[in-house]
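I have placed the structure first, in the form of structure tokens, so that the comments after it can refer back to it.
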Amino acid sequence: MDGEPRTDANDVGTEPAPMPLQGKPNPRHAAIRSALEQRRGHDAGTSAIAEAAMALSREVTDRLTPMIGSRGVDAIISRSLQLTTPAFPWLGLAGEHLDGVGSLASFKARLEARDPMAATEASVALLVAFTDMLVTMIGASLTDRLLDPIWAPPAPASAKENAS
């Protein structure tokens, strides 16, 4: 029994807390951070960070909706926001009863009101929580096949021209 996680009867139905962003590097988490920074570009302002986070969220939604439906995506977004809020209490989304898209709009407004570092960390945490939850539901391999193209850096212009 030593070394095994202890479970309590009261733990039934509870979800583990999301993994902290520190510790052993996770390539998916690093790719998410990199994608956010690339989408943000050279503008380090909170508006650019919020726009980059929303652009990534829209791409994720677009890729997953045909597979799990808009309600499925909304449910994962809502739960991801709930999991992110304890680390970023200023999000204050716990009392809101919005669908996933409405919650993201509220999330964007709150990001824009924070400093760039906090906005970046909250954005990364939300996207990490979302993908980690998706991994739990459909597995790492399928999650990677669906979402890796979103996190991948854009091809250089010369490579795009050669492909044409």
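The values are calculated or read from the model by the stated rules, or taken from the named source; none is laboratory data. In this text the structure is predicted, and so the values were computed from the model without any measurement. Note that we place each Cβ from the backbone using ideal geometry, even for glycine, and neighbour counts take in every protein chain shown.
Here are a few things to note about the model shown:
- Residues that are within 11 Å of E112 (Cα to Cα) and not in a helix (DSSP H, G or I), drawn from segment 40-57: G45
- Pairs meeting the criteria (first residue in segment 102-122 and under 21 Å from A31 (Cα atoms), second residue at pLDDT below 85, beta carbons under 6 Å, at least 6 apart or on different chains) are P116/A44.
- Any hit, segment 136-156, residues being farther than 17 Å from R39 by Cβ, at pLDDT below 80 and not in a helix (DSSP H, G or I): no
- If you go through segment 44-59 and keep only what is surrounded by 21 or more Cβ atoms within 10 Å (Cβ to Cβ) and under 22 Å from L146 (Cα atoms), you end up with A52, A53, L56, S57.
- Only residues that are exposed (fewer than 14 other Cβ atoms within 10 Å of the Cβ) and either closer than 20 Å to T136 by Cβ or charged (D, E, K, R) (or both) were counted across segment 31-43, and they come to 1.
- Flag for A52 being under 13 Å from V124 (Cβ atoms) and touching a residue at least 40 places away in the same chain (Cβ under 8 Å): yes
- R33 meets the stated requirement of being modelled with pLDDT of 90 or more and either part of a helix (DSSP H, G or I) or within 22 Å of P149 (Cβ to Cβ) (or both).
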